[in-house]
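The structure appears below as structure tokens.
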Amino acid sequence: MKARHRQLALVGVVVAALAIAPALLGNFAVSLLNDIGIGALVALGLVLLTGVGGATSFGQAAFVGIAAYATAWLTTVHGASPWLGLLFALALTGVAALAIGLLTLRLGGHFLPLSTIAWGLSIALLFGNMDSLGRHTGMSNIPPLHVGPWSLVDARSMYYLVWTVVGLACLFSYNVLQSRTGRAIRALRGGAILLGSVGADAFRVRLMLFVMAALLAGLAGWLYAHMNRFVSPSPFDVRASIEYLLMAVAGGLGYLSGALVGSALVLILKNGLQDLLPQLTQRGGQLEGVAFAILFIVLLHQARGGLMGFVARWTRGRFAPPPEAAPDQSVEPLPHRGLPATGAPVLAVKGAVKRFGGLIAVNDVSFEVRAGEIVGLIGPNGAGKSTMFNLVTGTLAMTAGRVEFLGRDITGLAQQHIARLGIARTFQHVKLRPHMSLLDNVALGAHARGRAGLMAAGLRLDRREEAQIRAAALRELARLGLAGRAHELAGSLPLGTQRILEIARALAADPVLLVLDEPAAGLRRKEKKALAELLRKLRAEGVTILIVEHDMDFVMKLVDRLVVMTFGSKLVEGTPAAVRANTEVQTAYLGSVVEADAAVPAAAQADSVARAA
Ligand code: ADP
Ligand code: MG
């Protein structure tokens with residue numbers, strides 16, 4: 001059986017087992033399964049937000065509470081239909097998440113998780129202190145759900161609704177992760193700069209993910225309210241949030257299925273403990289918390305991947321998707337950008353200045369790059385070359401000066417906007433997502449060439465565009481000789497090959513201007529030759545290239561013009577021959593390098609490799 005069929009068969013078995021479960025189980029077990037389903041919805045949001053997106057939330061139960069109280073209030077106080085309650089609950093949860101996200105998601109490091117505790121606590125406190133929400137006694141007599149002629153009053157009739165919602169939520173989430181938006185979500189961990197460089201706004205992606213996770217919690221809250229037909233503040237406090245996080249961690253933060261497994265694990269264990277602990281001691285209720293804390297610590301120490309992490313290691317390769325061998329020729333290629341006519345001004349840097357505190361890294365540098373040129377930026381280590389690149393690409397804000405791209409002033413424009421105009425870059429210190437495949441890393445580069453959003457992805461309305469993006473990515477991988485490894489993880493590549501992969505990612509953006517920071521560092525002689533050939537070919541196709549490189553042999557043979565920097569300032573500018581002949585350059589920097597063509601570049605490479613590692 002093929003891996004994909006095996007995967008489908010497994011899903012089929014799980015669905016069938018869930019479908020017949022109520023016929024075989026008693027009421028208590030069915031209720032427990034309902035709770036597991038509801039917990040899994042919240043945990044699913046946390047797998048996405050925390051496991052995939054890297055933002056830890058200790059406040060997820062608050063969103064469950066907002067939705068539960070919203071529908072409770074609307075259906076009891078105003079007698080509205082629970083289905084109207086669903087819309088109201090999701091709207092309120094979404095707006096609350098948007099507001100909280102806008103306020104807190106820019107916080108870095110530990111401040112974000114800490115802030116989730118703060119708003120988690122305050123929302124739970126709010127429920128207990130509002131008269132219209134019944135204060136600490138809560139709200140009762142919430143009407144049951146009706147689906148057509150059926151009234152879902154008991155656990156058995158709720159069961160199918162709960163698990164249908166869980167199933168659809170899993171499917172939606174799975175689809176999202178396989179999409180353009182999903183790639184951006186998966187790339188969130190590891191910083192915003194890479195996303196910006198491919199034209200994606202990391203903050204917006206994170207905000208969208210945060211709202212999506214909150215809406216999953218909101219769905220859970222709505223189901224909870226109409227299943228229990230009673231709400232009170234305590235199931236939505238921070239302790240509950242921690243329990244949801246525990247589910248996600250126990251199941252496996254990296255796996256959607258981890259949400260189901262984790263929810264089952266935690267709730268079954270909790271039930272067991274509630275039966276067992278009172279027999280051992282009078283203080284059973286308090287010990288339960290201790291037992292869970294111990295479990296949490298053990299998991300974090302021994303099994304970061306959770307239960308599904310073990311399962312994945314054990315079944316490695318057996319359920320992997322089938323690798324694509326070649327780009328799908330039947331899909332229409334993504335449209336290409338029109339390139340400017342040879343010789344037209346592409347980039348103009350005018351009096352660029354960058355200060356880091358007291359240090360002037362770039363000091364009043366001006367230069368131009370014209371269409372179809374390869375321009376080299378050279379100079380000793382610390383001359384300010386990478387900083388110059390960061391100014392051109394909007395990765396760093398300029399202290400003073402101006403940058404024009406295709407005649408347009410792009411000074412102060414955000415990184416992702418500049419990327420979208422047609423500047424693609426690589427980084428001196430390689431920025432890849434090691435846990436993503438080569439194909440996904442390169443497809444990330446084509447992010448700005450697609451438009452499908454979260455909804456389209458979840459509903460699989462993005463398949464045509466997604467096929468186009470994957471075909472474009474595979475084409476770039478093939479062009480750089482990496483097509484055969486498309487499904488390996490980027491982290492498994494040696495550093496030199498990672499640089500090549502970055503170039504493939506930059507090319508996938510269909511750039512007007514390609515900005516390469518030390519692309520040949522760490523490459524072997526043959527690879528360097530292939531790279532130089534590729535860059536010449538790109539130039540022939542009309543792509544403009546700005547390159548920083550320490551290997552003088554490589555640079556001198558490749559570029560049309562050189563700009564030499566030293567100590568933040570521009571020293572000279574001219575053809576390789578003119579620069580080579582310039583005595584100022586020779587004394588300042590090149591003298592030794594130009595003559596000793598093999599030995600020194602090797603040292604420079606070793607140096608940059610050491611810095612990158
Ligand atoms: P190059 O790429 O030419 O080797 P860089 O542009 O990386 O040089 O660095 C130029 C100078 O700016 C160096 O002295 C470096 O230490 C400093 N620098 C670079 N980035 C930063 C930063 N983010 N904060 C402070 N100083 C920096
Ligand atoms: Mg540098």
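Just so you know, all these numbers are worked out from the coordinates, no wet-lab data involved. Because the structure is a prediction, the values reported are computed rather than measured. Cβ: placed from backbone, ideal geometry, glycine included. Neighbour counts: every protein chain shown.
Key figures
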item	result
Prolate/oblate/rounded label for the range 3-314 (Cα gyration tensor, a/c 1.5)	rounded
Ascending count of other beta-carbon atoms within 10 Å, so fewest first, for R539, R580	R580, R539
Relative contact order, percent, the chain [alpha-carbon distance under 8 Å, six or more residues apart]	16 percent
Relative contact order for the range 37-113, counting Cα pairs under 8 Å that sit 6 or more residues apart, in percent	28 percent
Local electrostatic count at N27 - Lys and Arg +1, Asp and Glu -1, tallied over other residues with Cβ under 14 Å	-1
Gyration tensor (alpha-carbon) shape descriptor, the range 105-200, a/c threshold 1.5	oblate
Nearest-ten-degree value, helix 463-479 long axis tilted from longest Cα axis of the chain	40 degrees
Dipole-positive endmost among M247, F28, T71 within the range 3-314 (Cβ charges, Cα centre)	M247
Taking the range 3-314 and dividing mean pair separation by its residue count, relative contact order in percent (alpha carbons under 8 Å, at least six apart)	31 percent
In the range 74-167, trypsin sites (Lys or Arg not before Pro) in a DSSP loop with at most 14 other beta-carbon atoms within 10 Å	R106
Residue exposure sequence - K526, K350 - by fewest surrounding Cβ within 10 Å	K526, K350
Global form of the range 366-612, assessed from the alpha-carbon gyration tensor, a/c cut-off 1.5	prolate
Lysine pairs meeting the criterion (Cα under 25 Å, 8 or more apart or interchain), as found in the chain	23
Overall dimensions of the chain as given by Cα atoms, namely Rg and Dmax in Å	28.5, 91
Signed unit charges on C-beta, dipole axis of the chain, positive-most listed residue L287, H336, T137	H336
